[in-house]
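Okay, structure first, notes after.
The values are calculated or read from the model by the stated rules, or taken from the named source; none is laboratory data. Computed from a predicted model, the values in this text were never measured in an experiment. Cβ: placed from backbone, ideal geometry, glycine included. Neighbour counts: every protein chain shown. Keep in mind that these areas ignore ligands, DNA and RNA; they rest on the heavy atoms of the full protein, side chains included. Shrake-Rupley method; radii C 1.70, N 1.55, O 1.52, S 1.80 Å.
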There are 2 protein chains.
Amino acid sequence: MKISSRFTVAVHILALLSIENEAHCTSEWIAGSVNTNPVVVRRVIGQLKKAGLVQVRPGTGGAFLTKDIKEITLLDIYHAVDVVEEGELFQMHEHPNPQCPVGANIQAVLEVILRRAQAAMEHVLKEVRLYDVVHILAEKIESSRS
Amino acid sequence: MKISSRFTVAVHILALLSIENEAHCTSEWIAGSVNTNPVVVRRVIGQLKKAGLVQVRPGTGGAFLTKDIKEITLLDIYHAVDVVEEGELFQMHEHPNPQCPVGANIQAVLEVILRRAQAAMEHVLKEVRLYDVVHILAEKIESSRS
DNA sequence: AGTTGTTGTAACTATAATGATTACAACAAA
DNA sequence: TTTGTTGTAATCATTATAGTTACAACAACT
């Protein structure tokens with residue numbers, strides 16, 4: 001199974017808000033860039049709002065960043081959109097047989113290892129800032145202007 | 001979303017085969033330890049067989065390991081049961097708008113970063129051998145015998 | 001040769017998550 | 001007061017998972 005595209009969509013949205021910060025960024029407009037439905041965008045923005053990463057102008061609409069892009073890591077975004085529970089990237093099979101020595105102990109053994117694996121993955125996300133994404137993106141955009 | 005319990009079930013099965021290697025390990029018997037349906041076990045064993053990790057005695061039944069447990073890593077098992085595609089732990093939203101500079105370039109930028117994150121997670125799995133799991137398990141079983 | 005027990009696989013089911021979509025009340029600005 | 005946008009509920013199609021029943025194929029044993 002894959003980690004929901006909510007995460008990559010959220011990064012896309014935040015990068016947009018940073019790069020096109022002059023524009024009036026409505027959910028409809030953002031949806032046009034992501035190529036999805038405006039409601040999908042609003043839902044993600046709702047989660048980013050809860051995490052304190054963006055705000056939305058009431059009434060007139062349009063979202064904007066509320067933090068310096070050097071202060072936002074991909075891990076913050078990943079947590080904001082709630083794609084993977086804390087320490088639960090791997091699904092354990094519930095209720096192995098407690099009468100069986102292996103069944104009684106396998107979970108505890110695996111949990112330590114799998115948490116470590118998940119942490120390693122999340123550590124990489126923590127080391128990348130939205131700033132870095134926007135920076136690389138801006139370079140690519142610049143160089144693709146022929 | 002979580003990575004399918006097929007993976008942890010597979011580790012459970014292989015640990016069983018190693019620890020109870022004297023027993024006649026039928027799918028029914030294994031299912032009793034995992035606490036699931038025998039067919040679920042047979043399906044997982046089918047994948048482990050394809051990967052060359054186990055064999056099944058024809059006719060009379062019963063599975064057994066075909067490799068030294070020091071030669072099997074958790075990554076091998078993870079690949080065997082096919083829970084995450086190569087470089088696709090994270091779902092990208094398909095077809096962002098190519099007319100938008102951000103939409104046209106975001107995927108390429110994220111792909112590099114997210115592959116790195118996935119690789120970090122898989123690297124941890126690669127460093128743990130079935131031998132290590134069995135070893136820790138055996139210790140726990142020993143110490144829980146009161 | 002026939003009985004027994006197991007496997008491999010197909011088929012079907014229930015459940016859950018995802019992502020898309022429609023609809024609409026609430027609301028600020030012009 | 002009109003306009004455009006948001007937030008949220010409700011619904012839907014699709015997909016993956018995990019469980020289950022059923023059964024032909026097959027080796028071992030008497």
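Surface calculation, 1.4 Å probe, protein heavy atoms: B:Glu71 sits at approximately 110 Å² accessible. Mean residue ellipticity, 222 nm, helices only, chain B: the sum of -39500 (n - 2.57) across DSSP H runs of n ≥ 4, divided by residue count and rounded to 500, is -18000 deg cm²/dmol. Specify the angular offset, from 0 to 90 degrees and rounded to the nearest 10, of the alpha carbon long axis of helix B:38-50 from the longest principal axis of the alpha carbons in chain B. Tilt relative to chain B: about 70 degrees.
Among the residues of region B:1-25, those with an accessible-area drop of 30 Å² or more from chain alone to full protein complex, heavy atoms and 1.4 Å probe, are B:Met1, B:Lys2, B:Ile3, B:Ser5, B:Thr8, B:His12. Across the identical copies, the label point of B:Asp68 (7 Å from Cα in the Cβ direction) is separated from its matches by 5.5 nm, in order from shortest. Each Cα pair under 8 Å and six or more residues apart adds its sequence gap; the mean of these over the residue count of chain B is a relative contact order of 27 percent. Interface burial in region A:82-98 reaches 50 Å² or more for A:Leu89, A:Phe90, A:Gln91, A:His93, comparing the full protein assembly with the chain by itself; accessible area from heavy atoms with a 1.4 Å probe. Across the identical copies, the 7 Å label point of B:Arg57, projected outward along Cα→Cβ, sits 7.6 nm from its counterparts, in ascending order.
Extending 7 Å from Cα along the Cβ direction at A:His135 and again at A:Arg116 yields two label points whose distance is 3.2 nm.
With every protein chain left in place, what is the accessible area per residue of region A:6-143 in square angstrom, probe 1.4 Å?
Values: 6680 Å² over 138 residues.
Accessible area per residue: 48 Å².
Chain B packed on chain A takes about 5000 Å² of accessible surface away from a 1.4 Å probe, both sides summed. Each copy carries a label point for B:Ala108 at 7 Å from Cα along the beta-carbon vector; from one copy to the others these points are 5.2 nm apart, nearest first.
To the nearest 10, the accessible area of B:His123 is 100 Å² with a 1.4 Å probe. Each of A:Leu137, A:Ile72, A:Phe90 was placed along the dipole of region A:6-143 (beta-carbon charges, centred on the mean Cα), and the one lying farthest toward the positive end is A:Ile72. In plain terms, chain B is cut at each of the trypsin sites (Lys or Arg not before Pro) found in a DSSP loop with at most 15 other Cβ atoms within 10 Å, and the longest leftover piece is B:68-144. For A:Lys140, a cut-off of 30 angstrom between C-alpha atoms picks up these lysines, skipping any fewer than 8 places away in its own chain: A:Lys2, A:Lys49, A:Lys67, A:Lys70, A:Lys126. Rolled with a 1.4 Å probe across the full set of protein chains, the surface gives A:Leu16 an accessible area near 0 Å².
For A:Thr73, nonlocal amide neighbours, meaning residues 5 or more places apart or on other chains whose placed amide H falls under 5 Å from its own, are A:Leu130.
With only alpha-carbon pairs counted, each pair once and no self-pairs, how large is the Kirkwood hydrodynamic radius of region A:6-143 in angstroms?
Across region A:6-143, the inverse of the average 1/r is 17.0 Å.
Build a GNM of chain A with springs between Cα atoms under 10 Å apart, and of A:Val112, A:Val134, A:Val11 the one that fluctuates most is A:Val112. Using a 1.4 Å probe over the heavy atoms of the protein chains, calculate the carbon and sulfur portion of the accessible area of region B:27-99 as a whole percent. That fraction is 46 percent. Spacing of the modelled spin labels on B:Lys49 and A:Arg43, each 7 Å from Cα toward Cβ, amounts to 4.1 nm.
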